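Novice: Here it is, the structure, as structure tokens.
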Amino acid sequence: MPSNDRSDIVAAGSELAAKTARMAAHTLDDQRDVVAGQLNRVAKTLKKHAGDIPGGEPTSRLSRTAAGQLSDASKYVRTHKVERMGSDLERFIRARPVMAIAVALFVGLALGRVLRR
């Protein structure tokens, strides 16, 4: 196979990958309001029931803090495009790799618990 054919195949593959990434980002951007709304609903519910969670004031305070963070996340998702969120996430991971691993572990464990039910 001549090198010109290989470069044509590589170029076509790169173009297809870029087009697919743009389509995926566009699709995800279309869902931002839905995700932001769900985050906001969870934040409101958590804040409303923070006092009902067993564990006393420390747990209630932690729940209210988490509700505030979820509310902030909702606003962020609503106002930023997927491409920007990806850039921000990459910067966060590079700046705080240990925290990024801890967050990923926590999210994985939480999802595992939710999916088992």
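The values are calculated or read from the model by the stated rules, or taken from the named source; none is laboratory data. All of these numbers come straight from a predicted model, not from anything done at the bench. When we count neighbours, we look across all protein chains shown, and the Cβ atoms used for this are built from the backbone with ideal geometry, even at glycine.
Novice: Working only within segment 70-86, note down all residues that are in a helix (DSSP H, G or I) and in contact (Cβ under 8 Å) with a residue 12 or more places away in the chain.
Specialist: Here is the first cut: in segment 70-86, the ones in a helix (DSSP H, G or I) are 70-79, 82-86.
Leu70, Ser71, Ala73, Ser74, Lys75, Val77, Arg78, Val82, Glu83, listed by residue number.
Novice: To continue, here is another question. Can you run down the residue pairs with Cβ atoms below 7 Å, 6 or more apart or on separate chains, where the first is in segment 23-46 and within 20 Å of Arg84 (Cα to Cα) and the partner is assigned to a helix (DSSP H, G or I) and hydroxyl-bearing (Ser, Thr, Tyr)?
Specialist: Sorted first by the residue in segment 23-46, then by its partner, the pairs are Ala36/Ser74; Leu39/Ser74.
Novice: Of all residues in segment 85-117 being at pLDDT 90 or above and charged (D, E, K, R), which is farthest from Val42 (Cα to Cα)?
Specialist: Taking the candidates together, the pick is Arg94.
Novice: Can you tell me which residue in segment 24-52 is surrounded by the fewest Cβ atoms within 10 Å (Cβ to Cβ), limited to those that are over 18 Å from the mean Cα position of the chain (by Cα) and part of a helix (DSSP H, G or I)? Lay out the reasoning, then the answer.
Specialist: Within segment 24-52, the first condition is being over 18 Å from the mean Cα position of the chain (by Cα), and the residues that meet it are 44-52.
Next cut, part of a helix (DSSP H, G or I) only: 44-48, 50-52.
Numbers: Lys44: 14, Thr45: 12, Leu46: 19, Lys47: 17, Lys48: 11, Ala50: 18, Gly51: 12, Asp52: 8.
It comes out as Asp52.
Novice: Part of a loop (DSSP other than H, G, I, E, B) and farther than 24 Å from Val34 by Cα - does that describe any residue in segment 97-114? Lay out the reasoning, then the answer.
Specialist: At the first step, the residues of segment 97-114 found to be part of a loop (DSSP other than H, G, I, E, B) are none.
Scanning segment 97-114 turns up no residue that is part of a loop (DSSP other than H, G, I, E, B) and farther than 24 Å from Val34 by Cα.
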